[in-house]
Every structure is written in structure tokens, then in C-alpha cells.
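Asks: Here it is, the structure in full.
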């Protein structure tokens, strides 16, 4: 079945958005996100980028922030563990942490533990629960979007609603929404902005021109590329701009993959 997005809306109330995805749809989306974030390499399910002060885990690269680290990003790994563990419990060592904070003091300690029994058990659990992880991404998306839409003007609420209706008419377009939300957020976090300009999914939807069924993905990709380029240009320091300029290549490649998938799956 093609993924469908059902919306209950009226002129007096904020849009209420709900994805109705089959298990097959969730599995398909999970495999796409997994490839984007981990290149389908098991070792990348537990990852700490040398240029970041925190590790990330799973197919969504859910971040886990060490004690004392201050970053302008939402910590998602503990939330994901709690959500997925209702169906498939995480390794005991992870669930026993109180508080749930990374047990490694730094990246070097993390890397030394890569082949430990605890880390191997964690990777096996993350590999086993791909579909549940994407269900978590979907839940976060629905909750965050419904909350944020209610804070927009009525005009913007309808603009977002109409754009999402068009974007959600096929599983590839629904995937594009979820994937972008997963790797760049919704944009409601005031800390995730440079010079008061954001790059999250809601920022993209609001910046998009009016679209049709035929132009939706192209417009989405083009608008996202513009906002991400602005992000790089607005980065607070020269060092950060240089880092993000390198990231921009990968971000654009990921956006282009939506158009490639649309052609492969004959999105009309």
C-alpha cells in the first residue's frame, strides 16, 4: 500500500496531522533512513563523529549528550530507547543507567569500548529494531508538527497543511518529510538558528512557493538547499562555516536522493 497521510482539519481549528503507514511502509522508510545515516554498516549504529562533542546511535543517529556538554540540539537517544523498549527491551546495562547519560567520559573512551560485550549488545538491539526506531521518528514528527502548527498564523497553518497534503500523497514524498525532519529537525528549537534564520522542516515548508503535484518534490528540495546554504553562510564563526561547508555536500546529496527515488518509484 502507498503511504497515506490523513488530516482532520477545519477553518476554526489547527490542522491535526496523522500518518497512516502500513508495516511495509515503515520498513521501507526505515531501510531508506538506515542507508542515509549508517550506509548499512552495523558499526555505524554506534557512532561518535570526531568533530562532535556527543555520540549518536541507531538508524536515526539519535544523539546522546554527555554530562556537562552544552549543545543547541535536542537529545533524542534516551527518548528513543524508552519508546522502542516498550516493544523490544533494550540491553539491561542501558536500561539500568540512572540517570541515562553516556557512560564514556569522552570520544576516546567510547572508541575503546567499540568491541565490548555491552556495545555489541547495543548494536544488535539497534539492528533488530529498525522499524520501531522509524515509528519513533514518526511519532515525534506528528507531535512536534501538530504543536508547532498551532502557533502559526491561520494563513501559515493552511499553507503548511496544503503543502503537506501534496507531499504526502506517495510513500516517497512521505519519506522525504520524515527523513528531513529526522536529520534537520522541525525548526521549533530557537537555539537551532543562525542569525534568527532556521533550516528545519517547518522552515522549509513555510519558505516553499505554491506547488502542484508535479512540482512538490522539486520545490521542496530546492528550498531546503537554499536554507541549508544560508545556514552555512550564517554560521557564527569561520571555523564553523568551514566545517558546515563540507557537510553541505552530503546534505545536498541526501536531498537529491529524494528526486532519484521519486523517479525509481514513478511518483506522479
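Asks: Which number in (1) out of contact with any strand residue (DSSP E or B) (no Cβ under 8 Å at 6 or more places or on another chain); (2) assigned to a loop (DSSP other than H, G, I, E, B); (3) closer than 24 Å to residue 182 by Cα; (4) without any contact (Cβ under 8 Å) to a residue 24 or more places away in the chain marks the one condition that residue 101 misses?
Replies: (4)
Asks: Here is a follow-up. With (1) in a helix (DSSP H, G or I); (2) modelled with pLDDT under 90; (3) surrounded by fewer than 19 Cβ atoms within 10 Å (Cβ to Cβ) as the list, and residue 127 as the residue in question, which single condition is left unmet?
Replies: Looking at each condition in turn, residue 127 falls short on (2).
One line per residue, one yes/no per condition, for (1) assigned by TED's automatic domain parsing to the domain that holds residue 35; (2) closer than 20 Å to residue 208 by Cβ; (3) surrounded by fewer than 19 Cβ atoms within 10 Å (Cβ to Cβ):
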residue: 218; (1), (2), (3): no, yes, yes
residue: 238; (1), (2), (3): no, no, yes
residue: 242; (1), (2), (3): no, no, yes
residue: 251; (1), (2), (3): no, yes, no
residue: 255; (1), (2), (3): no, yes, no
residue: 263; (1), (2), (3): no, no, yes
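Asks: Can I ask one more? Looking at (1) part of a helix (DSSP H, G or I); (2) in contact with a strand residue (DSSP E or B) (Cβ under 7 Å, 6 or more places away or on another chain), which one does residue 54 not meet, given that it meets all the others?
Replies: (1)
Asks: Among the residues in the range 166-179, are any free of Cβ contacts under 8 Å to residues at least 60 places away in the same chain, surrounded by fewer than 17 Cβ atoms within 10 Å (Cβ to Cβ) and not assigned by TED's automatic domain parsing to the domain that holds residue 137?
Replies: Scanning the range 166-179 turns up no residue that is free of Cβ contacts under 8 Å to residues at least 60 places away in the same chain, surrounded by fewer than 17 Cβ atoms within 10 Å (Cβ to Cβ) and not assigned by TED's automatic domain parsing to the domain that holds residue 137.
Asks: Moving on to the next point. Would you call residue 120 without any contact (Cβ under 8 Å) to a residue 40 or more places away in the chain and not in a loop (DSSP other than H, G, I, E, B)?
Replies: So residue 120 fits the description; yes.
The values are calculated or read from the model by the stated rules, or taken from the named source; none is laboratory data. Quick caveat: nothing in here was measured; it's all calculated off a predicted structure. Note that each Cβ is placed from the backbone with ideal geometry, even for glycine, and that neighbours are counted across all protein chains shown.
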